[in-house]
Amino acid sequence: MARALLLIERRELVARLSIIVFSGTEDKLIPLGVISQAAAALGYEVKIFATGWALLRLLKRPAEPTWPKEFESMVPALAKGMQAANVPSWVEMLKQAKSMGAKVYACSMMAQVMGLKKEDFDPALVDDVVGVTTFLTEAEGGQVLFI
Amino acid sequence: MARALLLIERRELVARLSIIVFSGTEDKLIPLGVISQAAAALGYEVKIFATGWALLRLLKRPAEPTWPKEFESMVPALAKGMQAANVPSWVEMLKQAKSMGAKVYACSMMAQVMGLKKEDFDPALVDDVVGVTTFLTEAEGGQVLFI
Amino acid sequence: MARALLLIERRELVARLSIIVFSGTEDKLIPLGVISQAAAALGYEVKIFATGWALLRLLKRPAEPTWPKEFESMVPALAKGMQAANVPSWVEMLKQAKSMGAKVYACSMMAQVMGLKKEDFDPALVDDVVGVTTFLTEAEGGQVLFI
């Protein structure tokens, strides 16, 4: 019982939010930036595990933005609205989250599948390349989103 | 320690499920309705934070339904099946969830980006326009889904 | 208070990860397999609730794989990379997760909508057909992902 109580007490003191980001469409990277930044500002321990298509946007030479086919016609209006509302890009928001302690990991398995090495990732965005087991262990007991 | 125990006890008594709904494709709004309704019926404290494309379906004058391009050919069969099985629409299920206490918030940042004001949202579906920080604080300690 | 402490102690001892899988595109089934397998190997209680398009890939006679339209051009490279990296298919990973105790449920409502009966599902993949209320009750207090 004592062990359980100690674990719980620690978790109450630092809320933990982990995000698995697989979707690499540009629209879904906006909430990645917004939520990470807001949670980090609230003092949450934020951990991001990037995998799948999302890896291609975290490279030193990132892939071109991809949008979901069904919403393509709305992209120009969205981009214009983001600019008019002075909303920072998801890259800027992610960097803000990182400056407040958020960590971003790239999935080692998917990196291998895509032929990507640690030095291919933008070091301003990605802290390390780790396996899903490491990520799950760090995320244990906290909230987890799959984007 | 006493503070931690009190917080925990409260959370055990009322389970909390929060849903961030970003995808505005019509298929993904079905599980939004189903899960909200079922969780509210189970006595969960249900909070929904609508953002991104999903905002366009919560307006007084909602956008036309959008389906993922890759599943478009299956939409007529799905619609027919929903009708044959007497499954209520996601709008009806969301209203049922709300009648049992669920709250629906529209993301203030994305509303601004899309040029939407509080009076543009259907008051039968949206309770308020709030920021992500408010939502995260309300969701703290509970389960969170990203749809 | 005693009741709350007992519930908490049990949850500390067995971490619980539940996954709602709605997206039936083939790319998103990869993290379903990877995460289920890794969590089960870590000793998590893993419960999967398959619904929506994902049901069509869990049948005795499964539908052909579907990929998101916007990433279709990258599928051959991804498939080649999976093979070169010796990554098992999501079906194999899901079976490994099940051999370590993971349970897979098909959503009864969506099965009815799609005209699917329990005997239509591959018994090597699906344990039972249940309602969302049953799933939410089993998932209570643990982490939940929506894929």
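No lab work stands behind these numbers, since they all come straight from the coordinates. Remember, it's a predicted structure, so these values are computed and weren't measured experimentally. Methodologically, a virtual Cβ is constructed for each residue, glycine included, from the backbone with ideal geometry; neighbour enumeration extends over all protein chains shown.
Treating only the Cβ atoms of Lys and Arg (+1) and Asp and Glu (-1) as charged, compute the dipole magnitude of the range C:31-87 about its Cα centre; round to the nearest 20 debye. Let's see the in-between values first.
Working: 6 positive and 4 negative charges, 40 e Å.
Here the size comes out at about 180 debye.
Amide H to amide H, which residues 5 or more places from B:Leu59 or on other chains are under 5 Å from it, using H placed in the peptide plane?
Distant-sequence amide H within range of B:Leu59: B:Asp122.
Can you list residues from other chains, or at least 5 along the same chain, whose modelled amide H is less than 5 Å from the amide H of A:Thr66?
A:Glu26
Residue by residue through the range B:131-139, what is 3J(HN,Hα) from phi via Karplus (6.51 cos²θ - 1.76 cosθ + 1.60, θ = phi - 60°)? Round to whole Hz and write x for glycine and proline.
Karplus values, whole Hz, x for Gly and Pro: x, 5, 5, 4, 4, 4, 5, 5, 7.
Got a sec to turn the phi values of the range A:56-73 into Karplus ³J(HN,Hα) couplings, 6.51 cos²θ - 1.76 cosθ + 1.60 with θ = phi - 60°, whole Hz, x for Gly and Pro?
After applying 6.51 cos²θ - 1.76 cosθ + 1.60, I find 5, 9, 10, 8, 4, 10, x, 5, 5, x, 10, 10, x, 3, 6, 10, 3, 5 Hz.
I'd like the antiparallel share, as a percent to the nearest 5, of DSSP beta bridges with both residues in the protein assembly as shown.
Antiparallel bridges make up about 5 percent of those DSSP assigns within the protein assembly as shown.
At 222 nm, what helix-only mean residue ellipticity would the protein assembly as shown give, in deg cm²/dmol to the nearest 500, using -39500 (n - 2.57) for each DSSP H run of four or more?
So the helix-based figure for the protein assembly as shown works out to -12500 deg cm²/dmol.
Percent relative contact order of chain B, based on C-alpha pairs within less than 8 angstrom and at least six residues apart? The partial results should precede the final answer.
Working: 212 pairs, mean separation 52.6, N = 147.
RCO, chain B: 36 percent.
Taking the rotation that carries A onto C, look along its axis and tell me which residue of A has the beta carbon nearest to it, distance in whole angstrom.
That would be A:Lys69, 2.
Mind sorting C:Thr25, B:Thr51 by how few other Cβ atoms lie within 10 Å of their own Cβ, fewest first?
C:Thr25, B:Thr51
Could you list which residues have their amide H under 5 Å from that of B:Arg16, counting only those 5 or more apart in sequence or on another chain, with H placed in the peptide plane?
Here B:Glu45, B:Gln143 satisfy the definition.
Give me a comma-separated list of calculated 3J(HN,Hα) values for the range A:42-52, in order, Karplus coefficients 6.51, -1.76, 1.60 applied at θ = phi - 60°, integers in Hz, x for any Gly or Pro.
7, x, 5, 7, 10, 10, 10, 10, 8, 8, x
In nm to one decimal, list the spacings between the B:Met100 label point and its equivalents in the other copies, with label points set 7 Å along Cα to Cβ, shortest first.
Label-point separations across copies, in nm and ascending: 3.4, 3.4.
Is there a quick way to get the dipole size of chain B? I mean about its Cα centre, with the Cβ of Lys and Arg at +1 and of Asp and Glu at -1; what is the value in debye to the nearest 20? Show your work: numbers first, answer last.
Values: 16 positive and 16 negative charges, 33 e Å.
Magnitude of the dipole: close to 160 debye.
Report, in whole Å, the centroid distance computed from the Cα atoms of the range B:71-147 and the range C:25-67.
That distance is 25 Å.
Is the range C:13-146 rounded, prolate or oblate when judged by the Cα gyration tensor, a ≥ b ≥ c being the square roots of its eigenvalues, rounded requiring a/c under 1.5 and prolate requiring a/b larger than b/c?
oblate
With a/c under 1.5 counting as rounded, go ahead and sort the range A:31-93 into rounded, prolate or oblate using the C-alpha gyration tensor (a ≥ b ≥ c being the square roots of the eigenvalues; past the cut-off, prolate if a/b is larger than b/c, else oblate).
Oblate, because a/c is 1.5 or more while a/b does not exceed b/c.
So for the range C:13-146: antiparallel DSSP bridges make up what percent, rounded to the nearest 5? Numbers along the way, then the final one.
Working: 1 of 19 bridges.
If I count the DSSP bridges inside the range C:13-146, around 5 percent turn out antiparallel.
Once you have a ≥ b ≥ c as the square roots of the Cα gyration tensor eigenvalues for the protein assembly as shown, tell me rounded if a/c is under 1.5, and otherwise prolate or oblate according to whether a/b is larger than b/c.
Rounded.
In nm to one decimal, list the spacings between the B:Pro65 label point and its equivalents in the other copies, with label points set 7 Å along Cα to Cβ, shortest first.
Shortest to longest, the spacings are 2.9, 2.9 nm.
Among B:Pro68, B:Gly24, B:Phe121, pick out the residue whose Cα is farthest towards the positive end of the charge dipole of chain B, where Lys and Arg carry +1 and Asp and Glu carry -1 on C-beta, about the Cα centre.
It is B:Phe121, whose Cα lies furthest towards the positive end.
Tell me which of A:Gln96, A:Phe135, A:Val14 sits at the most positive position along the dipole axis of chain A, charges placed on C-beta atoms (Lys, Arg +1; Asp, Glu -1).
With unit charges placed on the Cβ atoms, the residue in question is A:Val14.
Please report C:Val144, A:Val126 as a ranked list, fewest other C-beta atoms within 10 angstrom at the top and most at the bottom.
Least crowded to most crowded, the residues run A:Val126, C:Val144.
Which ordering of C:Glu45, A:Glu119 is given by a fewest-first count of other beta-carbon atoms within 10 Å?
Going from sparsest to densest Cβ surroundings: A:Glu119, C:Glu45.
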